[in-house]
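K.L.:
The following block contains the structure, expressed as structure tokens.
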Amino acid sequence: MALIVQKFGGTSVADTQKILSAARKAIRETKKGNQVVMVVSAMGKNTDHLIDLAKSITEHPNSREMDMLLSTGEQVTVALMAIALQTLGHEAVSFTGAQIGIRTDNTFNKARIKTISTKRMREALDSGKIVIAAGFQGIDDDFNITTLGRGGSDTTAVALAAALGADCCDIYTDVDGVYTTDPRIVPEARRVERISYDEMLELASLGAGVMHSRSIEFAKKFDVPVQVRSSFSDNPGTIIGPDPESDQVPVCGVALSKNEARFTVIGVPDRPGVAMNLFSRIAEAKIPTDMIAQNVSNQGKTDISFTVPGDEFETAQEIVRQVSEEIGADGYQSNSAVSKVSIVGLGMAHQSGVAQRMFEAVAAKGINIHMITTSDIKISALVSREDGVAAIRAVHEAFQLSEVPAASVKAASESGKNREEKDLVSAQFISRLNGMEDILIEQVGCDETQMRFTFADLPDRPGLAAALFKRMASKNVNVDMIVQSVGHHDNLADLSFTVPRCAADSVELLAKELTAEFGCQCKSNPAATKLTVCGTGLRSHTGLACRMFKTLSEGGINVSIICTSERNISVIVRETDGKNGHDRLLAEFADEMM
Ligand code: ADP
Ligand code: ASP
Ligand code: MG
């Protein structure tokens, strides 16, 4: 007998007919001899309506009371679902998050799950009932109701599947699977058969709204097979699991995060610890920072640019204003009308020319890129909000994502991986976690094969990055970390990247040509060291990058380039600081390492 978790999103339970149809799906599963736990969202747009109600009283409602209010949406659905199941002749029982015993921390509006008690659910399942759990909610140590953040029912579902050791977690929604990009924005988008945890986590965190990114952290950490499928048919959907669909193509999907905000703190004293100060204050407010770009220092001062989700703009702005003053920066700039376009793929790590292809596609539409950051499996470009949709369409086309990739990877079950060994390793490290959503570090790496180039004061116009990386690709140079940030001088940008040291001669030559052509300057560090912390969900655990900066700054180590993703955070330091930095990071993360 298998145990299946079925999650139904807002549109799938928007009215009582749809609730009845979801109930029938659950009953059909039990008829196959399986036990079923249903996780449901608030009906239709009910969460939005509740938010509007509170906002009609005040712009800034108390966050504890907001969780009290929003949790009622899911409570309505669980009760109606139980009534529907009972009416259809099946025993069922509904539970709120608190009744199941989903314990969270006390960060209202974006609480993290600490523990889940399975006793009550097991008893109900064993007595033949279908269990219906309210998504998106939990309870803190003081019995306050908490919520997990918008879209958090996915996370409840996968977390329950993990806690119960379920055989599968089916996410029923209004699309029939995960597409190469949002099919509502790009109608040519293709449904993928399979996508890896790492790729889905990165896409979700970069704006692919089909899954709550934290649910994929759970799925990867606890090895839960997830299937995204349509509520309105019985067709199979997309499997999210350990393996990608293909390892031949560089890109598996593109994401658009429409509502982003960018800050640049100008003239920051370039001393160890200053960046840490800024980011730790933002992390304390649980605001995720992305696209962190720090320009190479000029006369002892540097500029730091980063993005935050658009709805955190005001809170972040207040923090940036205060910290800029405290650290003696010259000031800050902000832009709250930008969007982030990202490409994601496990295959890009070992293919050259991927960045160039993306930048060329954007440039061909006359769209200017404000900022660029990369990691081993993603490249993000920041553009003006009005250009976001055109940029995503252009990039989707450039990588021919509508076409089925030629070579597929064998699924894990066929690939001869030793399942028992894998289970043992995961059981060992999971037993060391204090909370289910605690961070896990896989590796702390030190790479001494890279060198850094920085072009300063480049004319900031469409096509610039494309032209530069096209030339780089023409010499077959595999560019690794790329960071482009808005300069604080009007219309000038800075662009740093790393290349293998063995490519030094050709890149030096190219740099000479380019500086003459663009009238810019180029500095290089022939012996940079890249330090990387690798794990799962690193960007969404807002404090992790800070801990990394703090650890390095305590050793007097300055960082020049910073690149973040859900899978790793990398920084470039001087070669002479490499070993010291590596040792310090190993010591700092020793307890969380697998
Ligand atoms: P639910 O209410 O079921 O949780 P959501 O609205 O949260 O549903 O997620 C489903 C929506 O996600 C789809 O309607 C689609 O517009 C959007 N979406 C964004 N990116 C993707 C993608 N890559 N693949 C499929 N759907 C996507
Ligand atoms: N009802 C919540 C929301 O709309 C949670 C969810 O649907 O996942 O964000
Ligand atoms: Mg959703």
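K.L.:
Could you give the angle, 0 to 90 degrees to the nearest 10, between helix 464-474's Cα long axis and the longest principal axis of the Cα atoms of the chain?
P.N.:
Relative to the chain, helix 464-474 is tipped by roughly 80 degrees.
K.L.:
Under the rule a/c < 1.5 gives rounded, and otherwise a/b versus b/c splits prolate from oblate, where does segment 124-186 land using the Cα gyration tensor?
P.N.:
Because a/c hits 1.5 or more and a/b fails to exceed b/c, segment 124-186 counts as oblate.
K.L.:
Counting only residues 5 or more places away or on other chains, whose amide H sits under 5 Å from the amide H of Glu566 once H atoms are built in the peptide plane?
P.N.:
Arg539
K.L.:
Within 12 Å, Cβ to Cβ, of Asp167, how many net charges do the neighbouring residues add up to if Lys/Arg are +1 and Asp/Glu are -1?
P.N.:
-2
K.L.:
Where does helix 16-31 land angle-wise versus the long Cα axis of the chain, in degrees 0 to 90, nearest 10?
P.N.:
80
K.L.:
Using 0.36 nm per residue, how much length does the chain from Ala364 to Glu403 gain when fully extended, once their Cα-Cα distance is taken away?
P.N.:
11.9 nm
K.L.:
Suppose R0 equals 45 Å. What FRET efficiency, 1/(1 + (r/R0)^6) with r the Cβ-Cβ distance, do Arg28 and Thr115 give to the nearest 0.05?
P.N.:
Between Arg28 and Thr115 the formula returns 0.90.
K.L.:
I would also like to ask the following. Taking a cut-off of 13 Å between Cα atoms, list the aspartates and glutamates near Lys523, but don't count ones fewer than 8 places away on the same chain.
P.N.:
In chain and number order, the partners are Asp457, Asp494, Glu508.
K.L.:
Just subtract the alpha-carbon distance of Asp48 and Met594 from 0.36 nm times their residue separation and send over the number in nm, one decimal.
P.N.:
In short, 192.6 nm is gained.
K.L.:
Straight-line reach from Lys470: which aspartates and glutamates have a Cα under 14 Å away, not including same-chain ones fewer than 8 places off?
P.N.:
The qualifying aspartates and glutamates are Glu360, Glu513.
K.L.:
Considering only segment 164-253, what is the antiparallel percent among its DSSP beta bridges, to the nearest 5?
P.N.:
Bridges in segment 164-253 are about 35 percent antiparallel.
K.L.:
Could you list, in their original order, any pairs among Lys7/Lys378; Lys221/Lys340; Lys258/Lys550; Lys129/Lys221; Lys475/Lys579; Lys7/Lys129 whose Cα atoms are separated by more than 23 Å?
P.N.:
Too far apart for the 23 Å limit: Lys7/Lys378; Lys221/Lys340; Lys258/Lys550; Lys129/Lys221; Lys475/Lys579.
K.L.:
At a Cα cut-off below 20 Å, give the lysines reachable from Lys55, other chains included and same-chain residues fewer than 8 away excluded.
P.N.:
Within the straight-line cut-off, Lys55 pairs with Lys45, Lys110.
K.L.:
Measure nothing fancy, just the Cα-based angle from helix 313-326's long axis to the longest principal axis of the chain, in degrees from 0 to 90, nearest 10.
P.N.:
40
K.L.:
How much length would be gained if the chain were fully extended between Ile83 and Gln248, taking 0.36 nm per residue of separation minus their Cα-Cα distance, in nm to one decimal?
P.N.:
Stretched out fully, the Ile83 to Gln248 stretch lengthens by 54.5 nm.
K.L.:
Can you give the FRET efficiency for Ser384 and Asp457, using 1/(1 + (r/R0)^6), R0 = 30 Å, r = Cβ-Cβ distance, to the nearest 0.05?
P.N.:
0.90
K.L.:
Would you calculate the separation in nanometres between label points at Ser352 and Arg150, each defined as 7 Å from the Cα along the Cα-to-beta-carbon direction?
P.N.:
Between Ser352 and Arg150, the label points sit 4.2 nm apart.
K.L.:
Let me ask you something else. Could you rank the peptides 572-582, 501-511 by their average count of other C-beta atoms within 10 Å per residue, with the highest value first?
P.N.:
Highest mean packing first, the order is 572-582, 501-511.
K.L.:
What list of ³J(HN,Hα) couplings, whole Hz, do you get for segment 201-211 from phi and the Karplus terms 6.51, -1.76, 1.60, once you set θ to phi - 60° and write x for glycine and proline?
P.N.:
Rounded to whole hertz, the list is 4, 5, 4, 5, 6, 9, x, 6, x, 5, 9.
Laboratory data are not the source of any read-out in this text; all were calculated from the coordinates shown. Please read these numbers as outputs of a predicted model, since none were measured by experiment. As a convention, Cβ positions derive from the backbone with ideal geometry for all residues, glycine included, and neighbour counts pool all protein chains shown.
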